[in-house]
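Derivation of every value follows stated rules applied to the coordinates shown; laboratory data play no part. Everything quoted here is computed from the prediction, not taken from an experiment. Here the Cβ is made from the backbone with ideal geometry for all residues, glycine too, and neighbour counts use every protein chain on show.
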Amino acid sequence: MKILMLVLLLTLSGFAGARVEYREFANAEQQQAYDDLISELRCLVCQNQTIADSNADLAKDLRRQVYEMLQQGKTKQDVADFMTQRYGDFVLYNPPFKAKTGVLWVGPVVFLAIGLIAVLAFVRRNKTPATAEISAEKRKKIHSLLEKGDKS
Amino acid sequence: MLKYIIPLVIFIVMAVFLAVGLNLNPRDIPSPLIDKPAPAFSAPKLGAPSETLSQADMKGKVWLFNVWASWCVSCRSEHPILNQLAQQKAAVIVGLNYKDEPDAAKNWLTQLGNPYDVSIMDQDGRIGIDWGVYGVPETFVIDKKGVIRYKHTGPVTSQDVQAIFLPLIAKLQAENS
């Protein structure tokens, strides 16, 4: 019975890992390069996923491509260049800063600056305390009202 | 007065940006391959696997490179358009049968007609990667010198044929090789 259970559990564990390809690497650095690359490359079919996350056919092919290139001794930069030559900067989750991607990089900073300036301007404008002249007569009335309020 | 104008201006700017954003097609990724030489390939022909075709064989011709597959749903809607285009004989049409079963692909062509002068097989998708293919169907226009001049992602419609493909092909046919 125990053996049966063990067999069952082992089969199940096989299923859990079936989605990720088993890759062998020459060394830890290569493994690291592979992991880094597949989590920096965009799957172009399901655009908000990296090729590490995606199960799309193209993502599988691109993972295979990355693996093969690393096996051939190519560097991370070589692989990134290979991908951008074919798919453009869009394939990189971390695109380089250049004229075409400038808005992408600078945009958020500009919007943050606009927001900060707007907040500052708003705070400044409301800083001046609202002072109003109150006549002695009104002051007396206020006091009496406040005292009344306290009693009730 | 300014109190009303500023929010109005902000609103208009945002509306314009959002309207433009909504009308952009996120699948239309500009290809870095435009105006670059067509990536090299040499692949077996569909239906005649012992023969191969390479991009060098196409030198001196204006040709379309259409990526298709029998499993691809939008290819089905594009197919009649390609058949019509093939009848006009404006340019050579080469098919890239992408990640497909040869038998399924051949069936598809007998059933729906064959617009391709020749189709080559890319069963493991490597030619696709070299050409930056990410969504089937895709169509490239290559000039006589073997340079990619245009890429269309998604199914080609008859409007596309009239407005883009035919004028471009005519222009490229007039160029010297």
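One table, with the values for the structure above:
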{"item": "Dipole-positive endmost among A:Ala80, A:Gln49, A:Ala132 within chain A (Cβ charges, Cα centre)", "result": "A:Ala132"}
{"item": "DSSP-defined antiparallel bridges as percent of all bridges, chain B, nearest 5", "result": "60"}
{"item": "Phi-based couplings in Hz for the range A:97-114 (Karplus 6.51, -1.76, 1.60; Gly and Pro marked x)", "result": "7, 8, 3, 5, 9, x, 4, 4, 7, 7, x, x, 5, 4, 5, 4, 4, 4"}
{"item": "Filter on A:Lys60/B:Lys61; A:Lys98/B:Lys144; A:Lys98/B:Lys59; B:Lys45/B:Lys145 - keep pairs with C-alpha separation over 24 Å", "result": "A:Lys60/B:Lys61; A:Lys98/B:Lys144; A:Lys98/B:Lys59"}
{"item": "Debye intensity ratio in log₁₀ form over the Cα atoms of chain B, taken at each q of 0.12 Å⁻¹", "result": "-0.57"}
{"item": "The protein assembly as shown - Rg over Rh from alpha carbon coordinates, Kirkwood radius", "result": "1.23"}
{"item": "Counting DSSP beta bridges with both ends in the protein assembly as shown, the antiparallel % (nearest 5)", "result": "60"}
{"item": "Segments B:67-77, A:29-39 sorted - mean Cβ within 10 Å per residue, highest first", "result": "B:67-77, A:29-39"}
{"item": "Per-residue [θ]222 nm for chain A (sum of -39500 (n - 2.57) over DSSP H runs n ≥ 4, rounded to 500)", "result": "-20500 deg cm²/dmol"}
{"item": "Other protein chain Cβ atoms within 10 Å, averaged over every residue that makes up B:27-38", "result": "3"}
{"item": "Shielding of A:36-45 by partner chains, average beta-carbon count, 10 Å", "result": "1"}
{"item": "Partner chain coverage, peptide B:44-53 - average Cβ within 10 angstrom", "result": "0"}
{"item": "P(r) histogram, all alpha-carbon pairs of chain A included - 10 Å bins from 0, percent", "result": "9, 21, 17, 13, 10, 7, 7, 9, 7, 1"}
{"item": "Along principal axes, Cα extents of the range A:42-122, largest first, whole Å", "result": "58, 25, 16"}
{"item": "Mean residue ellipticity (222 nm) of chain B, computed from DSSP H runs ≥ 4 via -39,500 (n - 2.57), nearest 500", "result": "-11000 deg cm²/dmol"}
{"item": "DSSP bridge pairs, the range B:71-158: antiparallel proportion in percent, nearest 5", "result": "50"}
{"item": "Solitary cysteines of the protein assembly as shown, where the nearest other Cys Cβ is not under 4.7 Å", "result": "A:Cys43, A:Cys46"}
{"item": "Nearest 10 degrees, 0 to 90: helix A:57-71 Cα axis against chain A principal axis", "result": "70"}
